[in-house]
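Reading through the structure tokens given below for one structure.
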Amino acid sequence: MILDKKSTLPEEVQKSGISVHEAFLPGDLGQLVYIHGIQNFADYGFNQVHEAYCAKIAAEFILEQNVKRSRAWLTKKDGKVVGSIFVVERPDNQAQIRLLFVDKEVRGIGLGRWLVQESVRYSREAGFDSVFLWTVEGLDRAASIYEAAGFVRTERKPDSSWGRQSVEVRYKLALR
């Protein structure tokens, strides 16, 4: 577990048996990519290109351990990966949130909200000036979590690389 005194899981998440991990174990990468691929296809129609995109992000994170302030949170239930969020260090003292995901079997208990709040708390504590993320229009649950955390929309652009026409949306939160 990676929780410290400043960060505690919501009661409902704790009761569900979910644990939070910072380090990847063998098999975690495969599980993470699998749940992203299967669930995002079912929920949004995203194709195998999206799944490969998620795999690339996670693999690069694991392989590029020299970035000191990047961090990942993997959530597991009964040893199975059921959620994630990454904070990736970017130039100009920025952080980027990537791969926020909560598996459908554990949605609705506050895990996604906690992951975003924890990543923002960490980004602020790590000394980043701002944190940003890209998402896709229509992911309303995620957008409401970002907006509740203080993120504002700063950019929109069309995209069709994931098997359907969509609009990518950039959110940003100033931390200082």
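Bear in mind these aren't lab numbers, they're just calculated from the coordinates by the rules spelled out. Here the structure is a predicted model, which means the values were calculated and not measured. Note that we place each Cβ from the backbone using ideal geometry, even for glycine, and neighbour counts take in every protein chain shown.
Where in the chain are the DSSP H helices whose alpha-carbon span along the long axis reaches 20 Å or more and whose Kyte-Doolittle mean is at least 0.0?
Span-like helices, by this rule, are 28-44, 48-63.
What nm distance separates the two modelled labels at GLN48 and LEU25, each placed 7 Å from Cα along Cα→Cβ?
3.0 nm
Evaluate the charge dipole of the chain about its Cα centre and quote only its size in Debye, nearest 20, assuming +1 on the Cβ of each Lys and Arg and -1 on the Cβ of each Asp and Glu.
Dipole of the chain, to the nearest 20 debye: 300 debye.
May I ask for the Rg/Rh ratio of the stretch 14-174, computed from Cα atoms with Rh as the Kirkwood radius, given to two decimals?
0.93
So if I place +1 on the C-beta of Lys and Arg and -1 on the C-beta of Asp and Glu, and nothing else carries charge, what would the dipole magnitude of the stretch 4-66 be about its Cα centre? I want it in debye, nearest 20.
With Lys and Arg at +1 and Asp and Glu at -1, about 80 debye.
With label points built 7 Å along Cα→Cβ from the Cα atoms of THR154 and ARG69, find their separation and express it in nm.
1.4 nm
Determine the relative contact order of the stretch 52-176: mean sequence separation of Cα pairs under 8 Å and six or more apart, normalised by residue count, in whole percent.
19 percent
Straight-line reach from LYS68: which aspartates and glutamates have Cα under 18 Å away, leaving out those fewer than 8 places along the same chain?
Straight-line reach from LYS68, under 18 Å: GLU22, GLU60, GLU89, ASP92, GLU118, GLU125, ASP129.
At ARG90 and THR8, where each label point lies 7 Å from the Cα along Cα→Cβ, what is the point-to-point distance in nanometres?
The two pseudo-label positions are separated by 3.4 nm.
Multiply the residue separation of ARG124 and LYS56 by 0.36 nm, subtract the distance between their alpha-carbon atoms, and state the gained length in nm to one decimal.
The ARG124-LYS56 span can extend by a further 21.9 nm.
Once you list every other residue whose beta carbon is under 14 Å from the beta carbon of ALA59, what net charge do they have if Lys and Arg are +1 and Asp and Glu are -1?
-2
Do any of LYS15/LYS80; LYS104/LYS157; LYS80/LYS104 go past 21 Å between their Cα atoms, and which?
LYS104/LYS157
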